Amino acid sequence: MTPAQFLARIRKRSIPSAALLLGPEAYERRRIKEALLATVPENAAVEHDLTEQTLAEVVDDARALSLFAAERLIWVVNAEAALPRGRAAEEGDEAESAAGASSSGASPLAAYLKDPSPGVTLIFEATRFDFEGDDKRRQERVRKFYAPVQEVVELRRFGPREARQETDALARSAGFRLDPAAADLLVEALGADIARIGMEIEKLALYAGARVVGVDDIGALVPDARSTTIFALVASLGRRDRARSLEILYTLAREGEYLPLALAFLSSQFRMALVAREAGLKTSQQIQGYFQRLGVAMWGSRADQIQQTAAAFSAPQLERAIGLIFEADRGLRDARPDDRIVMEQFVLKLTA
């Protein structure tokens, strides 16, 4: 079940006796919690932590009748802590682990859910493991352990495209408009973490009022968007603007910015510009569509930058630029390098 589907059920008051929130996405989890809290009277919600209590104690609380509220919400954090520990549970055969889980830890919950208390909603929050990589197997163990809970809400992280759409929606709800380039920067600077983006949107709303928020505002107010000036350096180098590039470089050095980060952005931009040239892409729209078909998320403003770079440099010049980036990266890794001088030499060579 998706978070949107579960929220729709909450709005219709079709709330299950128990649900498992599975995954790391904090933004959707917060929305679900706020929606559920709105369905119960004040002081009718309680939170348990399975690192401090047992699952049996949580179930006992769910069975207990309240004298003050007909409806209760029991929110259980660290649901993974109830899983059996030991070699078989952590590393051994999956079947052995699942059998141990279903026969021991989850049995109080299974018995409870056969005849749950009316008006009580149990929500188990399992946020430790993601849906990919090494976490996938561990998450499956959590899912099997809580198999008696029929309603599982998958809290998957937002992709760049979904985060970008949600960012615009949050800004509209907050009563201001984000410039498209500013929205792109906010999403990229915060790694498409919509929970953090939501907090920054709240700050921007207080700052902006009803006006349009631009890139400079993001750089001024969002701590993790210090790459704003780095993006400006990337853009100026992409235009082969030596004077502006050196000016921005000195600003970065004065502010103590991590200059290898600028090189990382530059490497990505010049490589994409080379790909665009070799593919015969002329416009930013063609570039954006081409990379999106390859599965690479790309905003319009980013495609504009790549188009400018591809237009300013020939294919051999782009290949030379990538080589210069490699040399500068190696120079920054030398013992006690002066980052500013290394980058200054790089700018001079690139814009020659």
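Laboratory data are not the source of any read-out in this text; all were calculated from the coordinates shown. Every value quoted in this text rests on a predicted model; they were computed, and no experiment measured them. All Cβ positions, even for glycine, are placed from backbone atoms using ideal geometry, and neighbour counts span all protein chains on display.
Pull up the cross-link candidates among the lysines for K203, meaning alpha carbon to alpha carbon under 27 Å and not fewer than 8 places away within one chain.
Result set, ordered by chain and number: K33.
If a paramagnetic tag sat 7 Å from the Cα of R242 along the Cα-Cβ line, which residues of the stretch 308-352 would have the backbone N under 13 Å from that point?
345-352
Taking the Cα-to-Cβ direction at E47 and at Q286 and moving 7 Å from each Cα, how far apart do the two end points lie in nm?
Between E47 and Q286, the label points sit 5.4 nm apart.
Output the peptides 130-139, 169-178 sorted from most to least packed, where packing is the average of other Cβ atoms within 10 Å over each peptide's residues. Please list the in-between numbers first.
On the way: 130-139: 13.6, 169-178: 16.5.
In descending order of packing, they fall as 169-178, 130-139.
Among 343-351, 41-49, how do they line up by average Cβ neighbours within 10 Å per residue, starting with the highest? Don't skip to the end; give the middle numbers.
Numbers: 343-351: 18.3, 41-49: 14.2.
Highest to lowest by the protection proxy: 343-351, 41-49.
For the stretch 25-30, in order, what is each residue's ³J(HN,Hα) by Karplus, 6.51 cos²θ - 1.76 cosθ + 1.60 with θ = phi - 60°, in whole Hz (x at glycine and Pro)?
Result, ordered by residue: 5, 6, 5, 5, 4, 5 Hz.
On a full-extension model of 0.36 nm per residue, what is the gain between L348 and R63, subtracting their alpha-carbon distance, rounded to one decimal in nm?
Values: separation 285, 0.36 × 285 = 102.60 nm, distance 7.32 nm.
Residue separation times 0.36 nm, minus the Cα-Cα distance, leaves 95.3 nm.
By count of other Cβ within 10 Å, fewest leading, how are T167, T283 ordered? The partial results should precede the final answer.
Numbers: T167 24, T283 12.
Listed from fewest to most nearby Cβ atoms, that is T283, T167.
Setting aside same-chain residues fewer than 8 positions from K144, which lysines have a Cα under 18 Å from its Cα?
Cross-link targets: K114, K136.
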